[in-house]
Amino acid sequence: MLAGSTTPAGDLACRAATSLAVRARATRTFARHASTSHATRNGGFAAGPVRRHSKFWGERCSPAWRRSMSVRSAVAFPDDAVESADSDEENDDKPPKILRFNGDKISLHKTNGNGNGRRAASGVYELDVDADDKRAASSATDDDKPSNLAGLIDEVAIVEDAAEARRVLKILMANTGDADRPVYHAVDTEVSHIDVSEQCPVGHGRVTCFSVYCGPDVDFGASQSGGNGSKNSRKNGSTGPAGGKPKTLLWVDTMSLGDEGWKIFKPYFESPDVKKVWHNYGFDRHVIENHGVKLAGFAADTMHMARLWNSNRKLEGGYSLEALSSDPKVMSDAGEMYSEAGEELIRSKRGMKKIFGKAKLKKDGTPGKTVILPPIDEIQTDPEQRETWIEYSALDAQATWFLRESLEAKLRGIDCEACPVLSKKPTFRRCSNLWDFYVHYLREFGEVLTDMESNGMYVDKAHLADAEKRALEDKKVAEDYFRAWATGKCPAAEHMNVGSGIQVRQLLFAGAPNKRRDKPGVEKTREFAMVSKEWTEWDENGREGKAPKKAAKFELHGITKRNLQPPVYTTTGLPAVSSVVLRALAGKPGAARELVDNWDALADDQKKDEALAKKCGSAFLAFGGGFDGVEACAAIDALNDVAAIDTLLSNFIIPLQSDNLRGFNGRVHAALNINTETGRLSARRPSLQNQPALEKDRYGIRKAFSAEPGNILIVADYGQLELRLLAHMAGCVSMREAFEAGGDFHSRTAMGMYKEIREAMEQGKCLLEYGDIDDDAGGEKPALVKDMFASERRKAKVLNFSIAYGKTAHGLAKDFGVSTREAEETVDLWYSDRPEVREWQAVQHKKAAEKGKVNTLLGRHRNLPEASSSDEMRRGHALRASINTPIQGGAADIAMLAMIQIHRCPRLRELGFKLLMQIHDEVILEGPEEHRDEALALVKLHMEKPFNDHENLCDVELSVDGDYAKTWFEAK
């Protein structure tokens, strides 16, 4: 029981908790709201009010206590929630005693802000107390659970029947405000029958209840006496039924109401006049629409608002509702703006598993130590837990409302600094602050993204099933290839698990020291567990007779002739065996295996180590060079192949066949997120951004993404968008001229860098491209620059993208395999033709160092506090980000503008085309095949001129390549 409960056990818990609080030394962590409806939303609410938190820390806490709590993002407590005794000097190092808002004492709660919705973590503060106090607290709390969270039940209007649903519907519809001062309705759901780690919310999950909070001025109990729930309808201090507390929270039991309830509330959810606020809007939208309701009135997604405010909170708890609402820095403005409500209503929240978890029964029926969370619908219908569940659910709506209030204030206080070149354009719509940016761009974009999620894509299961079969066959061939080679050098390797990094490390890096000198390195030999051959045979033969011993061991040792120098180490200091490392050891994919297969046909000079080393990786010399070295590289290449195939199988081929990602209509619905620091979109389930490049799509995964019968896919892609934006932002003349001239941009870059290319072109020995040269004209055509000067062009191409990403000569030296000095000389050649870029980069570095942030094309910002760090590595990373963010973030801005225009386009809607997906700089639509040409032309228009009403405000043309086909693969 929570302290303050009316039960004896609860009273004991109250006394124990109060005793503990006097001597507590809190080490705060966060609890995770583990409702299945929030595993993607990651809900929960503030651990205490935030109003006047600075004053509280200054006046109520000792310096030591303040330091301890501030380091852990501790909550601030209301001034009136602290007993006066704590202000005495003798108690200066003791934490404050916490009171309930109704005056009852409560204990502190621990929360876990890891953002993982699938793991319900909970507990209490770690307390430094006497053993007797510990035992008292333990006896009082271990066997009991809270009947409610904080006495909030008195402030919740509970709807369980149709009559009550119609009554509160009138209040909801009456409180909309006006255009200048809307009444925001924060809405939250709880959902059953969905595994959020595996299933998409489109077509999966049933809403068991929803909660609404419209602020402290809307009373859902007021209309019982004829009011409309607004503050103005409450006369003479009346605060709800019978003069009690106003019921400002609404909780609706959709399980009890059933389909009738959804019919009653459908006008509310579908009303565009009711401004609704959500945290992770996409999830709530899809699960509500599973009930036949089409949501409207989207006003804000607090997750998107939080990312716009601060795009790098990964180390500060992340963007879960709980992590945000329990952070005083995030919630401070809500407390200042709504002081009474902030102190009276913002409450702490505990982890779901702590409150509602039950002991897992052992085989004999007795409770075990493992705590499990019952199904959501079971918790909601449990009479003993119902009130607590209602409070727990309602708090999320309240949290979302206050979070929106605070974030709006914060966003209003941050200038929106768009690209200076754009800002000078008379038709550019400049946002005054980031709230203006959110309202003008990001809010609508949030609606676009959820529409795309809802549309989904048709994916051919039969094609994927065939791809899976071929992939498994290829994987076995690669595994057998590596294992056969390894067994020839270490016989016990026939038992190894080829997918085990530890076992592969033992073969390749045996005896290698740990990079951390105080830690052990890789052993010379090591034993590994396995299932005995005898037990396997016994199992395969029907398990007849006595079972042989199952456990067995095998021993692996190093197989290299010379010690391999580990190119990369793990965080524990041991040599890494990642795909990047294995690729460096093996060399170019397939090159070593081709040499092995054609060894007898090679000329003698081709078999020399000098020639072979150029085609093999670093493992070549470690295995003695010659044929042995080539064979080793080929075997490691096969091992890399195993890992690559596994990735394709686990991330795409197998999951895309599952019904977990499919909705009612059988289409696959990916989750789209604005969760990168630059603002680029990412997709989950499946992670489409991580698909292999088109030329490496060996199983044709893109072929599975296809149009339904009668439809066609349109795929349109920006050409070198980031480089074009670099030319625009830096005002680089030579880059603009190269783009205007068209053709092979990287060859033009190489031409500007290398004098010998220009001379060869002047002499007619080579051309940038053939252009209008007639193939039938006769005579030998000159070579192309990309063929005649392939090495120079490759360096130019690497530089084009690397410099755009802020890469330095040191990093490029590794890419080119040359010294840092040689890399610097190559970089200088690039800048010699583009001095404006270097000047622009210097401006970005200075801005990051002085302001601690940089901005994208439209004015979103990314905080870079370490740009002025004394730590060279951290400062270098931040300065590279100061170059990368405006470019990648600018590309994200352009893609957003184009997608909004495509989504708005009434003609595309009339033609029947819908936006399905955006990956990097590419968009995919689907619609009737007979309108493909007109639709493609419209899409290209929107992308090439994404500003205002079909205008390109960039100083460089935005080039778009597009096509249509039955499958994504063919349209590429």
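A count restricted to the stretch 701-710 and to residues that are buried (at least 18 other Cβ atoms within 10 Å of the Cβ) and not in a helix (DSSP H, G or I) stands at 3.
With P589, P575 as the choices, which residue is under 32 Å from the mean Cα position of the chain (by Cα) and within 18 Å of F816 (Cα to Cα)? Checking each option against the conditions leaves just P589.
The one condition from (1) touching a helix residue (DSSP H, G or I) at 6+ places or on another chain (Cβ under 7 Å); (2) touching a residue at least 24 places away in the same chain (Cβ under 8 Å) that A622 does not meet is (1). State which residue is farthest from A512 (Cα to Cα) when the search covers only the stretch 619-643 and only residues that are among the aromatic types (F, W, Y) and assigned to a helix (DSSP H, G or I). Top of the filtered list is F627. A single entry from V498, V531 fulfils the requirement of being modelled with pLDDT under 95, buried (at least 17 other Cβ atoms within 10 Å of the Cβ) and assigned by TED's automatic domain parsing to the domain that holds K561: V498.
For the stretch 529-563, a residue qualifies if it is without any contact (Cβ under 8 Å) to a residue 60 or more places away in the chain, in contact with a helix residue (DSSP H, G or I) (Cβ under 6 Å, 6 or more places away or on another chain) and under 17 Å from A493 (Cβ atoms), and exactly one does: M530. Against the numbered list (1) of a type outside the set (S, T, Y); (2) part of a strand (DSSP E or B); (3) loosely packed, with under 14 Cβ neighbours inside 10 Å, P520 comes up short only at (2).
Scan the stretch 413-444 for residues that are buried (at least 20 other Cβ atoms within 10 Å of the Cβ) and closer than 18 Å to M917 by Cα and the total you get is 1. Counting the residues of the stretch 856-881 that are crowded, with 23+ Cβ neighbours inside 10 Å and either assigned to a loop (DSSP other than H, G, I, E, B) or polar (S, T, N, Q) (or both) gives 6.
Quick grid of which residues meet (1) under 40 Å from the mean Cα position of the chain (by Cα); (2) surrounded by 15 or more Cβ atoms within 10 Å (Cβ to Cβ); (3) at pLDDT below 95:
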| site | (1), (2), (3) |
| --- | --- |
| D604 | no, no, yes |
| D609 | no, yes, yes |
| A613 | no, yes, yes |
| C616 | yes, yes, yes |
| L621 | no, yes, yes |
| C633 | yes, yes, no |
| I636 | yes, yes, no |
| N640 | yes, yes, yes |
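If you go through the stretch 713-763 and keep only what is free of Cβ contacts under 8 Å to residues at least 24 places away in the same chain, outside any loop (DSSP other than H, G, I, E, B) and of a type outside the set (D, E, K, R), you end up with A738, A741. Of all the numbered requirements in (1) modelled with pLDDT under 95; (2) out of contact with any Pro (no Cβ under 6 Å at 6 or more places or on another chain); (3) of a type outside the set (V, I, T), Q224 misses one, and that requirement is (2). If the condition is being within 25 Å of E866 (Cβ to Cβ) and of a type in the set (F, W, Y), then the stretch 824-851 contributes only W840. Can you find a residue that is aliphatic (A, V, I, L, M) and at pLDDT below 90 anywhere in the stretch 304-320? Scanning the stretch 304-320 turns up at least one residue that is aliphatic (A, V, I, L, M) and at pLDDT below 90.
Filtering the stretch 932-944 to residues that are buried (at least 19 other Cβ atoms within 10 Å of the Cβ) and either farther than 30 Å from K425 by Cβ or over 29 Å from the mean Cα position of the chain (by Cα) (or both) leaves R932, A935, L936, L938. Any residue that is farther than 30 Å from V421 by Cα, at pLDDT 85 or above and not assigned by TED's automatic domain parsing to the domain that holds L422 - is there at least one of those in the stretch 825-832? Checked the stretch 825-832: at least one residue is farther than 30 Å from V421 by Cα, at pLDDT 85 or above and not assigned by TED's automatic domain parsing to the domain that holds L422. Within the stretch 410-447, being more than 29 Å from A296 (Cβ to Cβ) and assigned to a helix (DSSP H, G or I) holds for P420, V421, L422, S423. Among the residues of the stretch 652-662, some residue qualifies, meaning at least one is out of contact with any Leu (no Cβ under 7 Å at 6 or more places or on another chain) and under 30 Å from R483 (Cα atoms). So L916 clears everything in (1) within 17 Å of H942 (Cβ to Cβ); (2) among the aliphatic types (A, V, I, L, M); (3) without any contact (Cβ under 8 Å) to a residue 24 or more places away in the chain except one condition, right? Which one? Only one criterion in (1) within 17 Å of H942 (Cβ to Cβ); (2) among the aliphatic types (A, V, I, L, M); (3) without any contact (Cβ under 8 Å) to a residue 24 or more places away in the chain is unmet by L916, namely (3).
The values are calculated or read from the model by the stated rules, or taken from the named source; none is laboratory data. Given the structure is predicted, the values throughout are model-derived calculations rather than measurements. Cβ sites come from the backbone with ideal geometry, for glycine too, and all protein chains shown count toward neighbours.
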